[in-house]
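Each remark here refers to the structure printed beneath this line.
The values are calculated or read from the model by the stated rules, or taken from the named source; none is laboratory data. On a predicted model such as this, the values are computed, not experimentally measured, just so you know. When we count neighbours, we look across all protein chains shown, and the Cβ atoms used for this are built from the backbone with ideal geometry, even at glycine. The protein model used for the area step is the full one, side chains on, heavy atoms only, and it has no ligands, DNA or RNA in it. Shrake-Rupley method; radii C 1.70, N 1.55, O 1.52, S 1.80 Å.
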Amino acid sequence: MHKPEGPPEFALKETRPNIGAGAVMRDKLSCTYDLVEQMQYLYVRVVKANDLPGKDVTGGVDPYVEVKLGNYKGLTKHFEKKSNPQWNHVFAFSKERIQASVLEVVVKDKDVAVDDFVGRVMFDLNEIPKRVPPDSPLAPQWYRLEDRRGEKAKGELMLAVWMGTQADEAFPDAWHSDAATVGPEAVANIRSKVYLSPKLWYVRVNVIEAQDLVPSDKTRYPEVSVKANLGNQFLRTRASQSKTINPMWNEDLMFVAAEPFEEPLVLTAEDRVGPNKDEILGRCVIPLHNVQRRLDHKPVNTRWFNLEKHVVDEGEKKKEIRFSSRIHLRVCLEGGYHVLDESTHYSSDLRPTAKQLWKPSIGILELGIISAQGLMPMKTRDGRGSTDAYCVAKYGQKWIRTRTIVDSLGPRWNEQYIWEVFDPCTVITVGVYDNGHLHVGEKPGASKDSRIGKVRIRLSTLEADRVYTHSYPLLVLHNSGVKKMGEVHLAVRFTSLSVINMLSMYSQPLLPKMHYIHPLSVIQQDSLRHQAIQIVSMRLSRAEPPLRKEVVEHMLDVDSHMWSMRRSKANFFRITIVLGGLIAFGRWFDQICNWKNPLTTILIHILFIVLVLYPELILPTTFLYFSLIGIWNFRLRPRHPPHMDTRLSHADAAHPDELDEEFDTFPTSRSSDMIRMRYDRLRSIAGKVQTVVGDLATQGERFHNLLSWRDTRATTLFVTFCFIAALVLYVTPFQVVFLLIGFYVLRHPRFRQKHPSAPFNYFKRLPARVDTIL
């Protein structure tokens, strides 16, 4: 099948980085950290100080530590009036940028004008020990402070100094010399971090009935509905058909909830007393931690809940419990579903919520985020373009965020992460973003992390135990068109733990069984997925450092359901590619029937006669043909993972107005003339779709009218033909009939007529219901 290809600059590039995977000689680091390039760092752990001398008038000291290495300088926070401070702070200096030969650790006293010197410890870089995990961490030691002349001074400093790599456990929490321009308060925003998505549940509320409701106006028939809300989610049943004080609904409402359950489920019985006016007849509050958890399709027990009514008494709100009013519910937490927060087309996790239903893992996915090249400047700093880039990867419930490389258009991360794999038909998503939160004191929400690009890799397209090292183009669609924002360099390895278990997954349902036993409607799935994305983004944005809402929504494709003319064209183009094989076969068969190549047509006649005389060879021959095609295509198999295809996406040929429509807000913010033009264009397209759908309906109705006697003459002809054909087939061997039909279809053009055949003419003359449509 032909695959569209975009411009060369948008292509995937295979690389050969200097990583441990595949090397003949491996050190201890290569065993666990072999998908990235080794980066050497000088680590300095400042633990605490003891017995520091007083420096101000009162005899106190406000100590902090300054770690100096050449032009790089790192600072700890300072303490007020404390001679025995504890910092436990780690500094990491990249060996590539070290130009000095001496490390200087200075204790200073914070002062209003000039900070006072307390003491220092000096280290010769040539004498610093090396450490490679899994070696035990280097134990800190006490060092006596020295004055500027190198003589012993009062006070001690506990330090640990060693040379290590990014595999060191101190690496994620360290202050890096790469981020020397970032203040101590903003360091938390640049650190690497591993996040876990909250555990999501579907909450099913079956509203059955209510009893003994007390409406204020007893002279009218009540129109009662039940409004349910869980956090920011609101749903309502239809108005009960039985307009009495004992209404019935038997209606299901579905919500998404996340552990730990913070919000209760609140149900309110309301009577519609006028247009947009409801009277509250009672409400009940149900804490979710008391709700039964269901793992299969067996129904849970129903329960009656009292409805409480709030009345206003002299301006104060008090609760009046009416035991006579109650509501009948069936509430459960659905553990047998997978709560969709991603599109099913590129989900990274398909397991049910309940851990008891999980199957053992089938493999391990390892990702090495090596570097990025040629990033576009995302902001202006000191009159020049700058980017503070970090990566986010999401697979299953585990999110990872690399450290932010400050002010670099070619950042090198060299960080490696690992995930358990439970299904090979899943996708890992890697995004690159610009950190917009490096300046302390800015208003919350004043700046956002800008998207640079995103990559998806489907695990089923990867060969087991092979390391894929490629540079992926970071493509972003703007109002002006598709733009390459740079390239991200990744190393990926999928390791299978059991080939049999992995192959058996291909016969299993994609989603948990509950999705097929009690399926959710498409509208329900879209609504619940939107709620799940909001919950996940809110929880992760409250972490430290936060994974911003705009980043989570971009990773989860929150806008994938929105209308886009470009995507519609792309999907139509995909259909034509899929049907291209059938169309090519039809053209080939037409050439056979028209004897364009007589030798080929004669061979097809011989094959046809053999298969008719020996019909038991048809299925074996078909399967043998498919297997031979598969074996032949093995040498042409793709050797690289798939990546974003701009031509297939119609991103390189999209009209500017179509892109402007795609990036429009919902509801629209464009002018009325622009909306009118787009509406007319949509009507024109919809008219063509309407015509095609109508033609399909016409052919189906004609087929239905073969035996409906709508056209008595046509039906008489068809019934007579069927009766005669039945008599002929009863007395004539099936193989003879099949041979005659085949020879008729493959007859020479000399015996053909240019006008349509009689059966085709007969079918076109059958009636349809199109003439009864207004």
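Computed from phi, the 3J(HN,Hα) profile of region 33-40 under the Karplus parametrisation 6.51, -1.76, 1.60 (θ = phi - 60°) reads 9, 9, 9, 9, 7, 5, 10, 8 Hz, with x in place of Gly and Pro.
Relative to the 2.2 N^0.38 Å rule of thumb, region 348-388 has a C-alpha radius of gyration ratio of 2.29.
Distances between placed amide hydrogens fall under 5 Å for Trp175 paired with Val90, Phe91, Ala92, all partners being 5 or more residues away or on another chain. Here the chain yields Rg over Rh of 1.07, to two decimals, using C-alpha coordinates and the Kirkwood radius. Scalar couplings 3J(HN,Hα) for region 502-513, obtained by applying the Karplus form with A = 6.51, B = -1.76, C = 1.60 to θ = phi - 60°, are 5, 5, 5, 5, 5, 9, 8, x, 5, 9, x, 4 Hz; x denotes Gly and Pro.
Taking every Cα-Cα distance in region 609-681 and sorting them into 10 Å bins starting at zero, the pair-distance distribution P(r) comes out as 14, 21, 16, 12, 17, 15, 6, 0 percent.
Counting only Cβ charges, +1 for Lys and Arg and -1 for Asp and Glu, the dipole size of region 565-772 around its Cα centre is about 580 debye. For the pair Phe734 and Ile685 in one chain, pulling the backbone fully straight at 0.36 nm per residue adds 12.8 nm over the alpha carbon distance.
Per-residue Karplus couplings for region 455-462, computed as 6.51 cos²θ - 1.76 cosθ + 1.60 with θ equal to phi - 60°, are listed in order as 10, 10, 10, 8, 5, 5, 8, 9 Hz, Gly and Pro entered as x.
Note on Ala188 and Glu14: their simple-model spin labels are 4.6 nm apart, each label 7 Å out from Cα toward Cβ. Please work out whether region 664-774 counts as rounded, prolate or oblate from its C-alpha gyration tensor, where a ≥ b ≥ c are the square roots of the eigenvalues and a/c under 1.5 means rounded, while otherwise a/b larger than b/c means prolate and anything else oblate? Prolate shape, in that a/c is at least 1.5 and a/b is the bigger ratio. FRET efficiency for the pair Lys569 and Asp135, taken as 1/(1 + (r/R0)^6) with r the Cβ-Cβ distance and R0 = 51 Å, rounds to 0.30. The P(r) of region 163-273 has a tail past 16 Å containing 71 percent of all C-alpha pairs.
On the basis of the beta-carbon distance and an R0 of 51 Å, Glu151 and Ser498 show a calculated FRET efficiency of 0.15.
Which percent of the Cα-Cα distances in region 569-625 go past 19 Å? Tail of the P(r) past 19 Å holds 52 percent of the pairs. Averaged over its residues, the chain has an accessible area of 56 Å² per residue, based on protein heavy atoms and a 1.4 Å probe. Taking Cα centre as origin and charging only the Cβ of basic (Lys, Arg, +1) and acidic (Asp, Glu, -1) residues, the dipole magnitude of region 40-165 rounds to 240 debye.
Applying 1/(1 + (r/R0)^6) with r as the Cβ-Cβ distance of Arg542 and Gln292 and R0 = 25 angstrom yields a FRET efficiency of 0.30.
Let me check something: with ligands and nucleic acids excluded, how do Lys218, Lys13 order by accessible area (1.4 Å probe), largest to smallest?
So, going from the largest accessible area down, we get Lys218, Lys13.
Per 5 Å bin from zero, what fraction in whole % of the C-alpha pairs of region 499-581 is there, up to the bin with the longest pair? The distribution over region 499-581 is 3, 11, 12, 11, 14, 19, 18, 9, 3, 1, 0, given as percents. If you model region 565-772 as an ellipsoid using its alpha carbon gyration tensor, with each semi-axis the square root of five times an eigenvalue, the axes come out at 45, 31, 15 Å, biggest first.
Amide H contacts of Ala153 (H built 1.01 Å from N, in plane; Pro and chain starts excluded): Leu145, Glu146, Asp147 sit under 5 Å, all sequence-distant by 5 or more or on other chains. Candidates Leu497, Val482, Gly410 compared by Cα position along the dipole of region 355-556: farthest toward the positive end lies Val482, with charges placed on Cβ.
Using 21 Å as the Cα-Cα cut-off, could you pick out the over-long pairs in Lys73/Lys154; Lys359/Lys454; Lys227/Lys277; Lys454/Lys483; Lys130/Lys398; Lys199/Lys359? Pairs exceeding the cut-off: Lys73/Lys154; Lys359/Lys454; Lys130/Lys398. Relative to the current alpha-carbon distance between His478 and Ile602, full extension at 0.36 nm per residue lengthens the span by 39.0 nm. Computed over region 426-524, the Cα gyration tensor eigenvalues convert (square root of 5λ each) into semi-axes of 35, 23, 15 Å, ordered from largest to smallest. With all protein chains in place and ligands, DNA and RNA left out, the 1.4 Å accessible area ranks Met378, Met502 as Met378, Met502, largest first.
In terms of accessible area, using a 1.4 Å probe and ignoring ligands and nucleic acids, Ser408, Ser324 rank largest first as Ser324, Ser408.
For region 40-165, which whole percent of the accessible surface, found with a 1.4 angstrom probe, sits on carbon and sulfur atoms?
It is 45 percent, rounded to a whole number.
Residues whose amide H comes within less than 5 Å of that of Lys379, counting only those at least five positions distant or on another chain, are Ser386 (H built at 1.01 Å from N in the peptide plane). Dipole check for the chain: with +1 at the C-beta of Lys and Arg, -1 at the C-beta of Asp and Glu, and the Cα centre as origin, the magnitude is about 2440 Debye.
Comparing region 40-165 with the 2.2 N^0.38 Å rule of thumb, its C-alpha radius of gyration ratio is 1.06 (two decimals). Approximating the spin labels as points 7 Å out from Cα along Cα→Cβ, the Val745-to-Thr715 distance works out to 3.0 nm. The alpha-carbon positions of region 355-556 define a convex hull whose volume is 156 Å³ per residue. Peptides 590-596, 724-730 ranked from most to least packed by the mean count of surrounding Cβ atoms within 10 Å: 590-596, 724-730.
Approximating the spin labels as points 7 Å out from Cα along Cα→Cβ, the Glu96-to-Phe626 distance works out to 5.1 nm.
Farthest toward the positive end of the dipole of region 40-165, out of Ala113, Leu69, Phe93, is the Cα of Phe93, where the dipole comes from beta carbon charges about the Cα centre. Helices in the chain, meaning DSSP H runs of at least 4 residues, each add -39500 (n - 2.57). Divided by all residues, the mean residue ellipticity at 222 nm is -7500 deg cm²/dmol.
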